[in-house]
Amino acid sequence: MTDPLNTPTGNPMKDPLVSCKYLNFSYAGRQVLKEISLDFYPGEFVAVLGRNGAGKSTLLSCLLGLKPCSAAHLLVGGLDPGSTGRRDIARRVSFVPQEHEDMFPFSVLEVVVMGRTVFLGSFGAPGNEDEAAARAVLEELQISHLAQRTYTDLSGGEKQMVLLARALVQSRKIIFLDEPTNHLDYSNRFRMLAWLKALTKDYNSCVVACLHDPNHALMFADRAVLLHRGRILDSGPVQETLTGPAISRLYGMAAWQSRGPGPPGLVPAFVHPEFKGRVLLLTGESGEGKTTLLHQVIKENPHLDFGGFTCPGFFKEGLRFQSDLHCLATKQSAPFARRANNTPTSHFLFDEQGMALARTALDPLENSFRHCVIVDEVGRFELKEKNFAPFLSPLLSVKTLRHIWVVRTEFIKAVCRRWLLADPVIVRVSDPDAEKQINRFLNNEEPHV
C-alpha cells in the first residue's frame with residue numbers, strides 16, 4: 001500500500017508545512033514555552049538547539065498535538081492538531097521520539113510495518129505491500145539484516161535506527177525527531193543525519209530535529225532555531241545563526257567558531273590555545289580597593305581601549321551599602337545596587353537602569369574590537385545565572401579580547417569551573433606589585449616568577 005505523501009516530488013510547495021504563531025504552553029503553573037512563532041517549509045532540514053530543559057521536546061509535542069497548548073495559529077500539514085484526530089495528523093507527519101518505547105517482543109520487521117497502520121481501516125491488517133514498503137526502508141537504511149531480530153533485544157542505537165525506519169514508512173513529508181543521534185555510535189550519527197538531509201532533496205521532505213551538537217546542525221541543517229528558557233533566542237540560516245557568541249549565550253559556555261580552510265566548526269573555547277591566560281581575576285575582600293586599582297590602571301593605559309564597567313561602592317559600617325555602575329566605553333553612569341531597608345546587612349536590590357547599562361557595556365559585538373573588557377564584579381548572583389551572567393560566555397568567545405574580572409576570593413574556584421577558564425591570571429589586590437601584574441597582563445608581557 002502506498003500513499004501520495006510519500007511520493008517524491010521536485011517542486012517544493014511555497015506555503016509552510018508547519019506553522020505556528022504565538023504558541024504558549026504551561027505545566028504545573030510554570031510557563032514552559034512563550035510566544036513561539038515558527039514556519040517550517042518543504043525541502044529543508046531545521047535543527048532545534050538548546051540546553052537541557054529549554055523546551056525542545058515540549059515544542060515538538062505541542063506541534064504534534066500531543067500536549068495541549070494555546071496558539072493564535074497552528075497548522076501541521078494543513079491541519080489543526082487541536083481539532084483533528086491523531087490518525088489524520090499521523091498520516092502527514094511522523095515522529096521519532098527521544099526515548100525508546102516499551103514494546104512486546106515484536107520482530108524488527110513487525111515494528112517497522114506498524115508505521116503503515118495509520119493508512120488502514122479500523123479493522124484493517126497490514127498486507128504484502130505494507131511489508132514490502134517496510135523491507136525497502138530497512139534496505140535503504142542498511143539495516144535489513146535486523147529484520148527478523150527481536151526489537152527488545154537490540155542495542156539502543158539499533159532501536160533508534162528501527163524507529164527511524166518506522167517513521168519513514170509512515171510519512172516522509174514531515175518528520176519530527178527528538179534527539180535522533182542519542183545512543184548512536186560515531187559513524188551512525190553521521191549516517192542518520194545524512195539520510196535525513198537526503199530526504200529533503202529526494203522527497204522534498206520537511207525534517208525538524210532537536211539536536212545536541214551545533215556542529216551537526218552546521219553540517220546538515222539548512223536553518224537553526226535556538227531555544228532558550230522556552231523562548232526563541234534566534235532563528236535563521238545556520239551559517240548566520242550558529243556563531244560563536246550565539247552558541248556561547250545559548251549554552252552558557254564560551255565557543256569559538258573556526259573559519260579557516262575546510263568546513264566551519266564550533267569548539268569549546270577552553271580547549272583552544274589562544275584562550276589560555278586571557279582572563280585576569282582581580283581578587284580581594286570587599287572594601288580592599290579593587291575598583292580603585294582598576295581606575296588607576298585604566299588611567300595609566302590611555303592607549304588601550306577598555307570596555308565593560310566598574311562599580312564604585314559606598315560603604316557603611318565596613319560593608320558595601322550601595323554602588324553605581326560606570327560604563328567604560330560611553331562614560332555613562334547609573335545606580336546599580338543598594339541594600340534593602342537601608343541597612344548594611346540586608347540583601348541587595350538591583351536597579352533596572354543600571355542593569356540595562358551593564359548589558360550595553362557587555363555587548364559582545366560592541367567589545368569585539370576592544371583590547372580589554374572589565375567586569376566589576378562576578379560573584380554569587382552571576383553563578384546563579386542572574387544579572388549579566390548570560391553575556392560572559394559570549395564575551396569569552398571573542399578571540400582577541402582580554403578580560404579583567406573582579407572576583408572575591410571565596411568564589412574563585414566556582415567562577416573558574418562555571419566558565420571553564422583556562423589558566424587564568426590571579427592577582428590579589430593586596431599584593432605589593434598588583435598594579436604591575438595587571439599592566440603586564442594588559443600589555444601581553446610574561447609574568448615575573
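Hey, with R₀ at 35 Å, roughly what FRET efficiency would T292 and S368 work out to, going by the Cβ-Cβ distance, to 0.05?
Rounded to the nearest 0.05, the efficiency is 0.80.
Which sequence of R87, R223, R229 reflects their accessible areas, 1.4 Å probe, from the largest down?
So, going from the largest accessible area down, we get R229, R87, R223.
Local charge sum around S144 (other residues, Cβ-Cβ under 13 Å, Lys/Arg +1, Asp/Glu -1)?
Once positives and negatives cancel, what remains is -2.
What is the spread of the Cα atoms of the stretch 378-449 along each of their three principal axes, largest first, in whole Å?
Cα spread of the stretch 378-449 along its principal axes, largest to smallest: 35, 28, 17 Å.
Go through P245, V271, H295 and say which Cα lies farthest out towards the positive end of the charge dipole of the chain; charges sit on Cβ, +1 for Lys and Arg, -1 for Asp and Glu.
Going by the Cα projections, it comes out as H295.
Given the options A337, A167, A209, state which has the largest fluctuation in a GNM of the chain using a 10 Å cut-off (strictly under) for Cα springs.
A337
Between K331 and T345, what length comes free when the chain is fully extended (0.36 nm per residue of separation minus the Cα-Cα distance, one decimal in nm)?
Using 0.36 nm per residue and subtracting the Cα-Cα distance, I get 2.0 nm.
FRET efficiency for K34 and T400, Cβ-Cβ distance as r, R0 = 51 Å, nearest 0.05?
0.90
Any idea what log10 I(q)/I(0) is at q = 0.16 Å⁻¹ for the stretch 232-369, Debye with uniform C-alpha scatterers and no solvent?
For the requested q values the scattering log ratios are -1.04.
With label points built 7 Å along Cα→Cβ from the Cα atoms of H303 and M114, find their separation and express it in nm.
7.1 nm
Starting from the eigenvalues of the Cα gyration tensor, five times each then square-rooted, give me the equivalent ellipsoid semi-axes of the stretch 155-228, largest first, whole Å.
17, 17, 11
When the Cα centres of the stretch 370-391 and the stretch 334-366 are compared, how far apart do they sit, in Å?
12 Å
Could you work out how far the C-alpha centroid of the stretch 291-327 sits from that of the stretch 39-70, in angstrom?
45 Å
Could you work out the percent of alpha carbon pairs in the stretch 385-426 separated by over 11 Å, rounded to a whole number?
It works out to 71 percent of all Cα pairs.
What whole-number value in Å² describes the accessible area per residue of the stretch 276-392 for a 1.4 Å probe?
Here the residues of the stretch 276-392 average 47 Å² of exposed surface.
In terms of the ratio Rg/(2.2 N^0.38 Å) built on C-alpha atoms, what value belongs to the stretch 319-449?
Expressed relative to 2.2 N^0.38 Å, the Cα Rg reads 1.11.
For the chain, take the convex hull of the Cα atoms, compute a quarter of its surface area, and give me that in nm², please.
With the hull built on Cα positions only, its mean projection is 26.8 nm².
Compute the distance in nm between two label points, each set 7 Å from the Cα along the Cα-to-Cβ direction, one at D153 and one at D431.
About 6.5 nm separates the two model spin labels.
Just to check I understand the Karplus step: with θ = phi - 60° and J = 6.51 cos²θ - 1.76 cosθ + 1.60, what whole-Hz values come out for the stretch 197-213, glycine and proline as x?
These are the phi-based 3J(HN,Hα) values: 5, 4, 4, 5, 8, 7, 10, 6, 6, 9, 10, 10, 10, 7, 10, 8, 9 Hz.
The values are calculated or read from the model by the stated rules, or taken from the named source; none is laboratory data. Small disclaimer: the values here were computed from a predicted structure and weren't measured. All Cβ positions, glycine included, derive from the backbone under ideal geometry; neighbour counts span all protein chains shown. Remember, those area values only see protein heavy atoms, side chains included, never the ligands or the DNA or RNA. Shrake-Rupley method; radii C 1.70, N 1.55, O 1.52, S 1.80 Å.
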